[in-house]
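Structure record follows, encoded as structure tokens.
The values are calculated or read from the model by the stated rules, or taken from the named source; none is laboratory data. Remember, it's a predicted structure, so these values are computed and weren't measured experimentally. Glycine gets a Cβ as well: all are built from the backbone with ideal geometry, and neighbour counts include every protein chain shown.
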């Protein structure tokens, strides 16, 4: 499988191409971009780190602004390669006098406060006091650092702060919408519509999301784009699946939408059928104790193990040693669901055969009988059947593995995806500054159609 490895010549070509893109970007688009995120870093959000690293490789000057400090105890090693400075905007202990002080300073710079109360500050009517305060802090940083563009990940509080700050500073902003920020029952659809309408461009991570957003918010459809999350494939060298392995691995936060309860039930069925296997579930989360009790009740302590969180090299090692990686994703009771789980990309890049479900954009990646196997969500018996099939059929595992890596190279390379995002930054920079947006009450796009029952 040497043809599936990126050799040094390819890496040198990437470097030359990146240098050329950087030179072009400096002439035609923003050279100082700030990423706005809720928390940084987060163990489960390696896709943001991958994206920033790809931008930096191409010569983009990136800063990171986080609205909260990190809450994880484990972090991925790739974070150490990010050069971007990280600024944590004050969040805790904000009092009314802090907000009024920041507003008074803003008024001194911007002019007549009564005009502002009827103009730019109208944009903040649906934001919390903390979001307004953090947006004002961000405006100050934008001017001090001469930042020319904001990009937010997730259409939640990060986009709320980026939208306000970009409007008040007179620069464009873009956002990436993923899954929970679109489908969770607590999502305010009118607020989401405002964020999409005001963004110079919107990125989302699957065609499934793209179709949903364009149907629900048709007035914003022309500037919503599907750009897949990707990987630095140089860091994920392909290897054929191990012929003798009986290991099943699953990776993700221990939360409802990951569907790990269905995997444990499927393992119980495999045990009843006399199938030889070992299953390891890597991750941590709120359902850990519930899943541990389920393992005990099913008498699977010798076969199924909750391994806790692991750094990426250990996850990669577990994936390489596995016969199959299972992502039994479901639509949670809150409407939340996975958009396109990063672990599926990682497993397919490494050569581990994958089984998943027909949830959201997953079938765009795991193409049934081509790059993996799909089963309906919440169907442990069918999941057990698919696992047993792959454990028993080495030729099928190899065929799926080969095709999956080919798909990764063609559509899920982070350099390609990051270049497409930078092109959106360039396009936004060419648009007139949006100093005179209509007031929120005049511009709000109402969601369209019956999907409001499904999406909260």
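Have a look at 320, 337 and point out the one that is part of a helix (DSSP H, G or I), in contact (Cβ under 8 Å) with a residue 24 or more places away in the chain and either within 30 Å of residue 154 (Cβ to Cβ) or out of contact with any strand residue (DSSP E or B) (no Cβ under 7 Å at 6 or more places or on another chain) (or both). Don't jump to the end; show me each part of the working.
Working: 337 fails: part of a helix (DSSP H, G or I).
Result of the check over 320, 337: 320.
Residue 332: within 23 Å of the chain's Cα centre (by Cα), in a loop (DSSP other than H, G, I, E, B) and surrounded by 18 or more Cβ atoms within 10 Å (Cβ to Cβ), yes or no? So residue 332 fits the description; yes.
Does the range 154-188 hold any residues that are within 13 Å of the chain's Cα centre (by Cα), assigned to a helix (DSSP H, G or I) and without any contact (Cβ under 8 Å) to a residue 40 or more places away in the chain, and which are they? Within the range 154-188, 181 is the sole residue that qualifies. Here the condition is being touching a helix residue (DSSP H, G or I) at 6+ places or on another chain (Cβ under 9 Å), within 20 Å of residue 331 (Cβ to Cβ) and buried (at least 17 other Cβ atoms within 10 Å of the Cβ); of 259, 285, it holds for 259 alone. For the range 189-204, the condition holds for at least one residue, the condition being that it is surrounded by 23 or more Cβ atoms within 10 Å (Cβ to Cβ) and in a loop (DSSP other than H, G, I, E, B).
Would a scan of the range 261-276 turn up a residue that is within 21 Å of the chain's Cα centre (by Cα) and in a loop (DSSP other than H, G, I, E, B)? Even if it seems obvious, please write down each step before you answer.
At the first step, the residues of the range 261-276 found to be within 21 Å of the chain's Cα centre (by Cα) are none.
Scanning the range 261-276, I find no residue that is within 21 Å of the chain's Cα centre (by Cα) and in a loop (DSSP other than H, G, I, E, B), so the answer is no.
Within the range 4-17, one or more residues are at pLDDT below 70, under 23 Å from residue 314 (Cβ atoms) and loosely packed, with under 15 Cβ neighbours inside 10 Å. None of 85, 70 is modelled with pLDDT of 85 or more and within 18 Å of the chain's Cα centre (by Cα) except 70.
All of (1) surrounded by 18 or more Cβ atoms within 10 Å (Cβ to Cβ); (2) assigned to a loop (DSSP other than H, G, I, E, B); (3) modelled with pLDDT of 95 or more hold for residue 326 with one exception: (2).
Here residue 374 does not qualify as in a helix (DSSP H, G or I), outside the structural domain of residue 182 (by TED's automatic domain parsing) and either crowded, with 16+ Cβ neighbours inside 10 Å or at pLDDT below 95 (or both).
Residues are listed down the side, and each one gets a yes or a no for (1) touching a helix residue (DSSP H, G or I) at 6+ places or on another chain (Cβ under 9 Å); (2) crowded, with 17+ Cβ neighbours inside 10 Å; (3) closer than 18 Å to residue 245 by Cα; (4) modelled with pLDDT of 95 or more:
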| position | (1), (2), (3), (4) |
| --- | --- |
| 277 | yes, yes, yes, yes |
| 281 | yes, yes, yes, yes |
| 291 | yes, yes, no, yes |
| 294 | yes, yes, no, yes |
| 298 | yes, yes, no, yes |
| 306 | yes, yes, no, yes |
| 315 | yes, yes, yes, no |
